[in-house]
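Just so it is clear, none of the values below were taken in a lab; they were calculated from the coordinates. Remember, it's a predicted structure, so these values are computed and weren't measured experimentally. Here the Cβ is made from the backbone with ideal geometry for all residues, glycine too, and neighbour counts use every protein chain on show.
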Amino acid sequence: MGLKEKVEKVVEEEIRPALIQDGGNIAVVDVDEESGVVKVQLLGACYGCPLSQVTLAMFVEQRIKQRVPEVKKVIPV
């Protein structure tokens, strides 16, 4: 399983369901296998939310890095 598939699995199984409960969503835009950088887009209620940076750093990035150690950084696009 490649890096992108691992990231997509964590997003699909753990992150997206939590965001959907609050009216939000997330899309994985790109995964750079060499640098370990994941680009995501927050959608729905998460888009433009004042707490979206906290959600990204404290939940999305933390969870992805826990489950997929090859990921070095998660950035919004």
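What the table shows:
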{"read-out": "Members of the range 1-27 found to be among the polar types (S, T, N, Q) and within 12 Å of L42 (Cβ to Cβ), listed by number", "value": "N25"}
{"read-out": "Residue pairs meeting the criteria (Cβ under 7 Å; at least 6 apart or on separate chains; first within 14 Å of L56 (Cβ to Cβ), in the range 18-43; second of a type in the set (D, E, K, R) and assigned to a strand (DSSP E or B))", "value": "V29/K39; V37/K73; K39/D30"}
{"read-out": "Pairs with Cβ under 7 Å, 6+ apart, first in the range 49-69 and closer than 19 Å to Q21 by Cα, second exposed (fewer than 15 other Cβ atoms within 10 Å of the Cβ)", "value": "none"}
